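What follows is calculated from the coordinates using simple rules that are stated; it is not laboratory data. Just so you know, these numbers come straight off a predicted model, no measurement behind them. Because the Cβ atoms are built from the backbone with ideal geometry, glycine has one as well, and the counts that use them run over all protein chains shown.
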């Protein structure tokens, strides 16, 4: 691992020593990364931008070649101006954020808006736009396709006097200016000399022709998909090629999507970088005056292909540097073994450790993602804390489900966030242990599964929406989070246990290989699952994706009745009571109980166990019944009826019953009702009593250290 501390360009113009050189020329495409395009490359950008770091402003020009992907004559264009979400309190993004931060117990609004304190608002203005040489600037109007909030300016609509012909290329030139907001969420400036530049240029929406995603194949024409910027959702765009020229003060270390292929000094205290990326659907960059740098190389064990890893991290976070690199290396290994050779197709990846407090951590962009160094946990727990690693794994896996597969996160966020959350749970389990993937320190353990279950099962709003709902459609964005991150993650874990890992992995591998670079929908995922599993799983997906139901099964009761008690009363046709039998005792008249315990073990009982479906979802559940003689009976209940009563007539009695005894159904919202024991279990009580004393002693020792 090669460490570069505080690296700066030399005084003369330099080019990075790479096997390709990009000469920036607007509207000129150069294939320098892949021999053949990996995607359709609908939207191809050349961008020239200058950063004024003191004024916190960008000035830029966008040259866009947009290839009409349809047989339609397209008479209008839609663009995202994402930065206008941070323009004022009237934007849809900020309004939804105010609702999210309100106290739902007291009804009180939030104490303050996060941008108001430092006047950190920002926005974007298009100063000129031409389409195929025609000036359309005066035609630009703001659109609000989702909520009719006329104050929201995150989408613009441009009607054209001359429609774009089927399969033709429109050449669009845009000049714009941008006031960079303070970085509270995803993008902006922080502490004067840190800039996280995501969604920083006017970005064309997605025109979906008939047959693409949710547009019926027999529709008379396609339609634009261009949602507003919401508090509870993410993004969607076409693949393309990017050539980006960035001019900024010399002091900044810069990381970008794709590859920085040229860097030169301008002689006036500024420098210009040229970056190139192919087959990506977004371009982000980050600039920080205090970045330190680490470089490493990952090599495929099967193909010997390499990926350059570049880590940009903060001073004082040296303990996290190895964690970032190691987690990225491990993830590249695992994803290739899991999804196939070349599953990560790009030649490089940039990992960014952002400024603390910036709000820029834990975000994903093609070939670049931001982590989050939990440096205080690293210092306190050392290798016992894996939070930095798990954030890295999660954001790396976005490179697959968000970056390469590229589903529509506005409308079906779970196809990215759910699959990514499942992946990081699985990777963490493989790397760091099933129960210790997050923390393993002095007997204290935590895992991704524990976190996901705790957050989902304790939520009061877990049934207020369905996974299929667009995240921005919920009354509070946190509901979308629970659906797209948590419930969908637990759904995939449950499906894996239902089908077995081999069949499940075949589904995931087939889905990835079939739909990479193609923007699939949930139906595409379900169709692959049904095909590869060799059975119709609609009953499973319909309940979990389309409906709001929850899964909860319980052991309701255990009853043991000695068979002798069922043989009392008048048992013949004649109404004659049987003679009363006196207990004469033994020869000495002593009513001794000697031998009763042995006799009780032979006593025949009629035992009844009642299992109950407490939730709405129907799911096959494993059941377990344990008898006093140690025998255990296992069975599978189809789970359809509300109640299942099972009876046994045999020696001994039922001492314990359980449903899902191996915890193979992570979706079960209440595991406390999954088992019932009719005899006291001192082992469990003693276990947690001892553990409690251990932690009390450890806590007292910790607080005694300063003395």
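Listed values, structure above:
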quantity	calculated
Protection proxy ranking of 665-673, 303-311, 628-636 - average other beta-carbon atoms within 10 Å, highest first	665-673, 303-311, 628-636
Segment 241-377 - share of DSSP beta bridges that are antiparallel (%, nearest 5)	80
Cα-projected label distance for residue 531 with residue 380, points at 7 Å along beta-carbon direction, nm	4.9
Pair residue 564, residue 497: separation of 7 Å Cα→Cβ label points (nm)	4.2
Inter-probe distance in nm under a simple model that places probes 7 Å from Cα toward Cβ, at residue 616 and residue 549	0.9
